[in-house]
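Only one structure is covered here, and it is reproduced in the block below.
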């Protein structure tokens, strides 16, 4: 039995809130499918909407939140904006979650 003094150091409130926000991003199937597509490359809103099967406005809405959480980045080319997952930690976290589910 562990005593309180042998527990690992607890997260402070600020860090805990950010970790909770990060995992909240994975709580919506559309966002998860968008992230799934973006782990494989760079796409614009139209291509993501077609791949995920939701409207472009819904994809834009989800991307706005994912950008605010710094999970995806945008690159503008002319009038077109392309999105990608630029953080290897996010890709690894996503892939680990998928592996956990697939391994049962």
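The values are calculated or read from the model by the stated rules, or taken from the named source; none is laboratory data. None of the values given here were measured: they were computed from a predicted structure. Note: ideal-geometry Cβ built from the backbone for every residue, glycine included; neighbour counts use all protein chains shown.
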Can we say residue 36 is without any contact (Cβ under 8 Å) to a residue 12 or more places away in the chain and touching a helix residue (DSSP H, G or I) at 6+ places or on another chain (Cβ under 8 Å)? no
Criterion first (within 16 Å of the chain's Cα centre (by Cα) and free of Cβ contacts under 8 Å to residues at least 24 places away in the same chain) does residue 103 satisfy it? no
Can you work out which of the residues in the range 72-89 that are surrounded by 13 or more Cβ atoms within 10 Å (Cβ to Cβ) and at pLDDT 95 or above is farthest from residue 29 (Cα to Cα)? 81
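Out of 57, 36, I need the residue that is out of contact with any strand residue (DSSP E or B) (no Cβ under 8 Å at 6 or more places or on another chain), closer than 24 Å to residue 77 by Cα and exposed (fewer than 11 other Cβ atoms within 10 Å of the Cβ). Which one? Steps first, please.
Details: 36 fails: exposed (fewer than 11 other Cβ atoms within 10 Å of the Cβ).
Only one candidate passes the filter, namely 57.
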